[in-house]
Amino acid sequence: MEYTNVLVDRQEQVGIITLNRPQAMNTFNVPFAQELNAALWEMENDPGVRVVVIDANGKHFSVGISLDEFKGKSHKEYNEFIHLMDEHNLTIARMKKPVIASVKGYALANGAGLSFACDLTVAAEDAKFGTTAINVGLICLGPAAPLVRNVGRKKALEMVLTGDMITAAEAQRLGLVNRVVPADKLEEATLELAKKLAAKSPLALQAGKAGIYGMQDMPYSQAIDMLGDRFAALCCTEDAEEGVKAFLDKRTPEWRQC
């Protein structure tokens, strides 16, 4: 696929998707959402990529859906449009590979939702996050799905219903951000984390992500059993055998499977 609204690159085993509508503050429209999802699946299906990073051109990560899109649509057209705007939330959860958001400037509304949906987030110190659609008579329901799973119902309701923005430091305190770094170190810190993950066993990373996502709606005892089954299956792989042997031999493992 040819990309315009996002850019696709690879650095060793890290796939990089760059949001590329800086003139519009990386707002979502139909082509943007379609290309973002296509790029995510391209990275997922690329055997040379083990970890995916989503970053952005311009000053801001993304400030949500373009307000120009909210006019002249029927109920059916809005339904199809909104489902497309939210598709990345499902895509990232379905991917086997870890996805890291690299956030600078504003991550608002659907842009915040994209960051919340990523498995990990690194943010610049001056970044700000907010589910701000309420301020224009709309509501951030798509972003609320990953938000509530990170912060719980009461905080998610506060953020969605007030539309207030929070700092990167507050987002980290709430569990929405993993690392906060100086703005000029954002790219370096994000790639450092991505390459750290890429050096791990791909099968172990996949088992970890699938297990943690899979247990969210399960009763505790069922989650323990499901996670145990996944761990047992991982133990039977060549990578597990290689990882243990390399540790005992005091050498770097050579992962064989993806």
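Close contacts from the range 1-28, counting a first residue that is closer than 26 Å to residue 193 by Cα and assigned to a strand (DSSP E or B) and a second that is at pLDDT 95 or above and basic (Lys, Arg), with Cβ to Cβ under 7 Å and a gap of 6+ residues or different chains, come to 14/195; 16/10.
Filtering the range 55-78 down to residues that are in a loop (DSSP other than H, G, I, E, B) and at pLDDT below 95, which residue is nearest to residue 129 (Cα to Cα)? Per the stated criteria, the residue is 70.
So is residue 248 surrounded by 12 or more Cβ atoms within 10 Å (Cβ to Cβ) and farther than 25 Å from residue 130 by Cα or not? Taking the combined requirement at face value, the residue does not satisfy it.
Residue by residue, here is whether (1) free of Cβ contacts under 8 Å to residues at least 40 places away in the same chain; (2) of a type in the set (D, E, K, R); (3) closer than 30 Å to residue 244 by Cβ; (4) not assigned by TED's automatic domain parsing to the domain that holds residue 79 holds:
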{"site": "123", "(1), (2), (3), (4)": "no, no, no, no"}
{"site": "128", "(1), (2), (3), (4)": "no, yes, no, no"}
{"site": "151", "(1), (2), (3), (4)": "yes, no, no, no"}
{"site": "174", "(1), (2), (3), (4)": "yes, no, no, no"}
{"site": "189", "(1), (2), (3), (4)": "no, no, no, no"}
{"site": "212", "(1), (2), (3), (4)": "yes, no, yes, yes"}
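Among the residues making up the range 1-28, a single one is under 16 Å from the mean Cα position of the chain (by Cα) and over 16 Å from residue 102 (Cβ atoms): 28.
Applying the condition of being out of contact with any strand residue (DSSP E or B) (no Cβ under 7 Å at 6 or more places or on another chain) and not in a helix (DSSP H, G or I) to the range 112-162 and asking which residue is surrounded by the most Cβ atoms within 10 Å (Cβ to Cβ) yields 131. Residues that are within 26 Å of the chain's Cα centre (by Cα) and assigned to a helix (DSSP H, G or I) were ranked within the range 234-258; the one that is farthest from residue 197 (Cα to Cα) is 234. All of 183, 210, 189, 204 fail the test of being under 30 Å from residue 254 (Cβ atoms) and out of contact with any helix residue (DSSP H, G or I) (no Cβ under 8 Å at 6 or more places or on another chain), apart from 189. Being in contact with an Asp or Glu (Cβ under 7 Å, 6 or more places away or on another chain) and surrounded by 14 or more Cβ atoms within 10 Å (Cβ to Cβ) holds for only one residue in 20, 26, 37, and it is 37.
Table: residues versus (1) under 30 Å from residue 188 (Cβ atoms); (2) in contact with a His (Cβ under 8 Å, 6 or more places away or on another chain); (3) without any contact (Cβ under 8 Å) to a residue 24 or more places away in the chain; (4) among the hydroxyl-bearing types (Ser, Thr, Tyr).
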position: 65; (1), (2), (3), (4): no, no, no, no
position: 74; (1), (2), (3), (4): no, no, yes, yes
position: 79; (1), (2), (3), (4): no, no, yes, no
position: 90; (1), (2), (3), (4): no, no, yes, no
position: 97; (1), (2), (3), (4): yes, no, no, no
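Results for (1) farther than 21 Å from residue 92 by Cβ; (2) out of contact with any strand residue (DSSP E or B) (no Cβ under 9 Å at 6 or more places or on another chain); (3) among the hydrophobic types (A, V, I, L, M, F, W, C), shown as yes or no for each residue.
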{"position": "212", "(1), (2), (3)": "no, yes, yes"}
{"position": "220", "(1), (2), (3)": "yes, yes, no"}
{"position": "230", "(1), (2), (3)": "no, yes, no"}
{"position": "238", "(1), (2), (3)": "yes, yes, no"}
{"position": "241", "(1), (2), (3)": "yes, yes, no"}
{"position": "250", "(1), (2), (3)": "yes, yes, no"}
{"position": "253", "(1), (2), (3)": "yes, yes, no"}
{"position": "256", "(1), (2), (3)": "yes, yes, no"}
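Between 221, 201, which is of a type in the set (Ser, Thr, Tyr), buried (at least 17 other Cβ atoms within 10 Å of the Cβ) and either more than 16 Å from the chain's Cα centre (by Cα) or at pLDDT below 85 (or both)? On inspection, the qualifying residue turns out to be 201.
So, residue 207, is that one crowded, with 17+ Cβ neighbours inside 10 Å, in a helix (DSSP H, G or I) and in contact with a strand residue (DSSP E or B) (Cβ under 7 Å, 6 or more places away or on another chain) or not? Spelling it out, it is not the case that residue 207 is crowded, with 17+ Cβ neighbours inside 10 Å, in a helix (DSSP H, G or I) and in contact with a strand residue (DSSP E or B) (Cβ under 7 Å, 6 or more places away or on another chain).
Within the range 175-189, which residues are crowded, with 16+ Cβ neighbours inside 10 Å and more than 12 Å from residue 98 (Cβ to Cβ)? Matches in the range 175-189: 176, 177, 179, 180, 181, 186, 187, 189.
The values are calculated or read from the model by the stated rules, or taken from the named source; none is laboratory data. Everything quoted here is computed from the prediction, not taken from an experiment. Cβ atoms come from the backbone with ideal geometry, glycine included; neighbour counts cover every protein chain shown.
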